Amino acid sequence: VFGLVYVAEAFAPVLKANGGGAIVNALSAVSWFSFPGMAGYSATKSAAWNLTDALRLELADQNTLVVALHSGAVATAMGDNFPIDKVDPHQVVTAALDGLQAGATEVLADDISHVIKTTLTSDPSRYAAILGG
């Protein structure tokens, strides 16, 4: 969370001086839910999602787009720790770039992010279906 603050503090003035730009915050589908063993990580991603929204509002006047990029587990060294299907990193990058080009404030890079986002107002039992339990 603090990394995003530091990046925004460092780059927002530069972006403003150049007429605006964009900041993409790589979040996670676990910004919206958690499961055993991931509570701390999920809480951090949730806080980062909220901070992303706040920065979007703060930087809008300087023509800086702040994008929340969500994905499920990505095929990376960290993603290898999760026994679930993973999205290709190229798909995530492509989704981010397409979102930037479209001026999107939120990008859902994969199916799992779309599914989880649609369940935000559902009963917590929804996790069983998402986690295969």
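The values are calculated or read from the model by the stated rules, or taken from the named source; none is laboratory data. As the structure is a prediction and not an experimental result, all values here were calculated from the model. Using ideal geometry, Cβ is built from the backbone for each residue, glycine included, and neighbour counts are taken over all protein chains shown. Heads up: the accessible areas ignore ligands, DNA and RNA and are worked out on the full protein's heavy atoms, side chains in. Shrake-Rupley method; radii C 1.70, N 1.55, O 1.52, S 1.80 Å.
Things worth noting here:
- If only residues of the range 72-94 that are among the aliphatic types (A, V, I, L, M) and in a helix (DSSP H, G or I) are counted, the one that is farthest from the chain's Cα centre (by Cα) is Val93.
- Tyr6 vs. criteria over 12 Å from the mean Cα position of the chain (by Cα), over 19 Å from Ile116 (Cα atoms) and modelled with pLDDT under 95: yes
- Check on Val7, out of contact with any Leu (no Cβ under 6 Å at 6 or more places or on another chain), part of a strand (DSSP E or B) and either open to solvent by less than 60 Å² (accessible area, probe 1.4 Å) or among the hydrophobic types (A, V, I, L, M, F, W, C) (or both): no
- Test: residue in the range 17-31 that is in a helix (DSSP H, G or I), at pLDDT 95 or above and surrounded by fewer than 19 Cβ atoms within 10 Å (Cβ to Cβ): yes
- Leading residue by the ranking (surrounded by the fewest Cβ atoms within 10 Å (Cβ to Cβ)) among those in the range 69-91 that are among the hydrophobic types (A, V, I, L, M, F, W, C) and modelled with pLDDT under 95: Ala77
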